[in-house]
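What follows is a single structure, written as structure tokens, with notes after it.
Derivation of every value follows stated rules applied to the coordinates shown; laboratory data play no part. These figures come from a predicted structure and were not determined experimentally. No Cβ is skipped: glycine too gets one built from the backbone with ideal geometry, and neighbour counts run over all protein chains shown.
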Amino acid sequence: MVLYGQCMSEPWVEDDEFLAPPNYGGEEEDLANEDEVDDVLASPADVVTEDEVVDEPLDGPGIEDEGWSPAQGFRDGRRIVRVWADEQGILKDVRISANWRHKLADEPLDTAFNAAFMSMNAMLHTGEHRIPAPEPLPVIPYEGAAGWHTIRRARRELADLDAKLEALGDVPPSRWVGTCAEGTALSRAVVVRLGIFGQPVSVRFDPQWLAGSVYPKAISRAVLHAYRRARTKYQPPHVEYGERELLLREHARITDSMMASLKNGFEM
């Protein structure tokens with residue numbers, strides 16, 4: 001069966017009930033009041049200028065390098081963002097290069113995050129969500145002892161199904177259908193979007209917020225906070241079976257019912 005996911009968009013909720021912030025190890029800055037962003041602005045000593053280009057340890061190995069393991073994190077190609085996840089693909093940590101503005105040039109920071117998420121999801125989620133077969137239909141033996149009349153009846157029913165399958169043409173296959181949850185931080189300055197399987201797929205930043213002297217640690221914490229809020233809204237997807245798969249299930253039921261009829265004996 002084909003793996004196909006459809007994400008049903010969800011309208012923005014402006015009066016979202018605030019959720020308690022995660023525990024960041026007792027650091028002084030806090031995201032408890034999302035309307036106040038002054039406490040996550042850098043002091044002059046935190047701002048790195050182009051004349052002071054020094055890299056944080058984001059230049060470690062990536063998935064294309066020998067000796068890499070998921071414990072070393074997933075990064076974008078320009079080594080701006082690195083993200084870590086546990087074995088279930090739950091986002092656990094985010095780090096940003098101190099020189100992210102210099103490395104980005106005119107590109108938005110969103111692209112670096114989205115590339116890191118894509119790298120992580122390709123490794124941790126690809127092939128993980130195969131569509132299960134539909135639950136089999138109840139097998140009910142034909143009445144009485146089995147015989148040539150039973151076989152002829154089953155063949156007629158199977159022929160009718162085959163005709164329906166041939167007439168279907170190009171119909172949508174079975175697919176996963178779900179909602180892409182979103183979480184926010186700092187009065188929507190940061191918006192994290194989850195795919196239908198709960199994995200982070202994108203981040204959107206308010207350009208005006210990023211235009212200030214925002215230091216990397218503040219961005220990382222805001223992204224994690226928005227991600228955790230999105231997780232509280234996440235609802236697992238469900239499978240929407242295609243018409244072809246349902247007819248094939250009926251096909252299997254007829255064959256199984258004919259075989260079950262043999263328990264009643266066989267008459268010529």
Task: HN-Hα J in Hz across the stretch 206-212 - Karplus 6.51, -1.76, 1.60, θ = phi - 60°, x for Gly and Pro - done: 6, x, 5, 5, 5, 5, x
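Of all GluC sites (Glu not before Pro) in the stretch 99-202, which ones are in loop regions per DSSP and have a Cβ with at most 12 other Cβ atoms within 10 Å? Could you put the intermediate results ahead of the total?
Details: sites: E128, E143, E157, E166, E182; in loops: E128, E143.
Those that pass, being in a loop and sparsely packed, are E128, E143.
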Task: Percent of C-alpha pairs per 10 Å bin, the stretch 198-267, short to long - done: 13, 23, 15, 12, 12, 11, 8, 4, 1
TODO: Select from H125, G89, T111 the residue farthest towards the positive end of the dipole of the stretch 71-199; place +1 on Cβ of Lys and Arg, -1 on Cβ of Asp and Glu, and compute about the Cα centre.
DONE: T111
- [ ] Just tell me which lysines come within less than 16 Å, Cα to Cα, of K92; anything on the same chain fewer than 8 places away is out.
- [x] K217
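Give me the net charge of F113's neighbourhood, meaning all other residues with Cβ under 11 Å from the Cβ of F113; Lys, Arg count +1, Asp, Glu -1.
On the way: positive: R75, R82, R193, R204; negative: D76, D110.
Summing Lys/Arg as +1 and Asp/Glu as -1 gives +2.
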Open item on the list: In whole Hz and in residue order, list the ³J(HN,Hα) couplings for the stretch 220-230 that follow from phi through the Karplus curve 6.51 cos²θ - 1.76 cosθ + 1.60, θ = phi - 60°; x for Gly and Pro.
Closed with: 4, 5, 5, 5, 5, 5, 5, 4, 5, 5, 4
TODO: Read phi for every residue in the stretch 158-172 and hand back ³J(HN,Hα) as whole Hz from Karplus 6.51 cos²θ - 1.76 cosθ + 1.60, θ = phi - 60°, with x for Gly and Pro.
DONE: 5, 5, 4, 5, 4, 5, 5, 5, 5, 7, 5, x, 8, 10, x
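If R₀ is 22 angstrom, what is the calculated FRET efficiency for the pair A71 and A122, using the beta carbon separation as r and rounding to 0.05? Numbers along the way, then the final one.
Details: r = 17 Å, r/R0 = 0.77.
Efficiency computed from Cβ-Cβ geometry: 0.80.
Charges only on Cβ, +1 for Lys and Arg, -1 for Asp and Glu: so what's the dipole of the stretch 76-216 about the Cα centre, in debye to the nearest 20?
Working: 17 positive and 17 negative charges, 57 e Å.
Computed charge dipole of the stretch 76-216: roughly 280 debye.
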